[in-house]
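Accompanying notes for the structure given below.
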Amino acid sequence: MASTQLTTAPDLIGKAKSDALNILTNGGLTVGAVTEAASDSVAVGHVISSSPVAGANVAPAAPVDIVVSRGPARAAQVKTPDIAGLTRFAADGTLRSAGLVLGAVSTARSSAVPAGGVVEQSPVAGLTVAAGSKVDVQLSSGAEKNLGDWIRGGVFSLLAIILIGGIIWFITQTDGGFLAALAEEKKARGLITFLIAITTVGIAVMLALSTVLLEDSPENDKRFDRGKQVFTILIGVLGTIVGFYFGSASNSQAPPVPPSTPPALTITTQTLPAGAAKQPYSVSLAATGGTQPLTWSATGLPAGLTLEPKAGAVTGTPATSGNAQVVVTVTDSSAPPRKMDKQLQLEVK
């Protein structure tokens with residue numbers, strides 16, 4: 001029986017549909033089933049796959065099925081939520097929950113939306129968009145300031161200047177007497193109490209005036225609440241300072257504890273190890289007692305050796321051999337300083 005001559009299935013992946021059909025026909029094969037499928041990586045109208053696969057041995061005129069790309073799968077569609085009036089943080093969370101992303105953020109004056117709230121959004125609420133789309137927002141930076149706002153701001157600024165100026169005048173008008181008086185406990189208590197009273201009354205007056213000068217609005221209510229919180233914190237801080245100062249002043253009345261005498265200064269190094277000429281040498285001197293830090297010095301060191309004053313380390317390379325009588329001196333930091341000398345022998349072979 002005669003054998004059938006086989007042929008090889010061509011590589012059609014990525015080729016245009018028309019080119020793929022021509023390749024099959026010219027290669028003596030038959031076009032089989034042609035279907036379509038979505039693909040994010042293969043262009044529309046191009047071959048995604050073929051069967052039999054490229055390189056397979058097939059009979060002449062055998063059919064070859066191909067799958068052609070119809071393009072990326074259609075993205076999921078969602079509706080943009082209404083985020084008007086929300087803060088940036090809340091708007092970001094709402095958009096993420098809806099499958100969208102916060103886009104560009106800008107600001108604009110608005111008397112209808114409190115500062116920090118969303119004034120406008122793009123795309124607008126209710127519009128159907130692809131999932132993952134960006135939504136640009138415009139945040140309110142507050143209402144436009146009118147003449148009344150500038151007048152109220154000027155009043156508060158003037159009150160602050162008067163309060164600060166009064167404190168500065170009180171401190172400086174006595175040619176330093178105020179600062180000098182702080183050294184006396186009784187006067188210091190009175191002066192500190194007076195300053196606390198002045199500061200507390202000044203802030204209380206400013207808060208009281210704000211209830212008259214500020215218009216009724218949610219934003220102004222927030223400012224007034226913040227002012228009360230600052231006022232409360234300030235009272236707590238000043239109270240802590242006064243308590244700490246008076247407590248420290250009371251403790252200062254205790255009899256002073258005489259300073260302890262540091263132990264005697266003693267050089268504990270008994271001998272210096274032998275060295276060799278032309279060879280590196282290193283040894284650290286040691287001492288106990290005295291007031292730290294200690295300072296070292298030495299006389300009679302062989303040529304090539306030095307003593308580091310702070311560390312008490314003798315280092316270097318001796319130039320010649322011989323025996324040297326080295327006198328080391330250690331000095332502490334007491335007033336007046338104490339010092340001790342000790343003679344040590346150094347043999348250089």
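With R₀ fixed at 30 Å, the C-beta to C-beta distance from Ala311 to Lys278 puts the FRET efficiency at about 0.80.
Say the cut-off is 32 Å between C-alpha atoms; which of Lys15/Lys134; Lys310/Lys349; Lys17/Lys79 go over it? Flagged as over cut-off: Lys15/Lys134; Lys17/Lys79. One way to sum up the overall shape of the stretch 77-140 is the equivalent ellipsoid from its Cα gyration tensor, whose semi-axes run 20, 10, 9 Å, largest first.
Ratio of alpha-carbon Rg to the 2.2 N^0.38 Å globular estimate for the stretch 7-69, to two decimals, please.
Values: Rg = 10.8 Å, N = 63, 2.2 N^0.38 = 10.6 Å.
Rounded to two decimals, the normalised Rg is 1.02.
Would you calculate the volume per residue, in Å³, of the smallest convex hull containing every Cα atom of the stretch 1-119? Show your work: numbers first, answer last.
On the way: hull volume 16.0 nm³, N = 119.
So the per-residue Cα hull volume is 134 Å³.
Quick one: plug the Kirkwood hydrodynamic radius of the stretch 266-348 (C-alpha pairs) into Stokes-Einstein at 37 °C, 0.692 mPa s, and report D in µm²/s. Before the final figure, lay out each step's value.
Numbers: Rh = 13.0 Å.
Calculated translational D: 253 µm²/s.
Taken along the Cα-to-beta-carbon direction at a fixed 7 Å, the label points for Arg70 and Ala84 span 4.0 nm.
Rule-based calculations on the coordinates, nothing more; no lab input. Predicted model, so just to flag it, every value in this text is computed and none were measured. All Cβ positions, glycine included, derive from the backbone under ideal geometry; neighbour counts span all protein chains shown.
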